[in-house]
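Colleague: Next up is a structure, given as structure tokens.
Since every read-out is calculated from the coordinates, none of them should be taken as a lab result. Small disclaimer: the values here were computed from a predicted structure and weren't measured. As a convention, Cβ positions derive from the backbone with ideal geometry for all residues, glycine included, and neighbour counts pool all protein chains shown.
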Amino acid sequence: GARTLGTSLCEPEAVLRSGRLLRLSMVQSLNLAAVRTTARVILREPALALPHQRVRDISELDFAELREAGCHGVIFDKDNTLTAPYSDEVHPRLAGSLRRCVETFGAERVAVLSNSAGTP
């Protein structure tokens, strides 16, 4: 099975095997490392937190080009990026793009975040 990477992350490799995003139980916890990293980015390099490219959907992204430009990984928001809101099904048109992203960066460098994981 897939490993849980955090309370609201799932391993894209599992998405590609099953075609479904995993529902993970939500556990409230304080991630101090994430708070420190976020504060550091906002205070020292705020440009890193701003979009530098706009696309209609992930099928328009060239993941090999991003990697060559120095990107080390990709984080996707689940709802309205990979799936319809509150759905576990990756939109069929995007499954190939998600697969190419994982092939380019490796499953350990692709994360899917959701603020609705576990929501009915």
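Colleague: Restricting to Cα atoms and excluding each atom paired with itself, what does the Kirkwood estimate give for region 38-120 in Å?
Modeller: It works out to 14.1 Å.
Colleague: Residue 85: net charge of surrounding residues, Cβ under 12 Å, Lys/Arg +1, Asp/Glu -1, itself excluded?
Modeller: Neighbourhood net charge equals -3.
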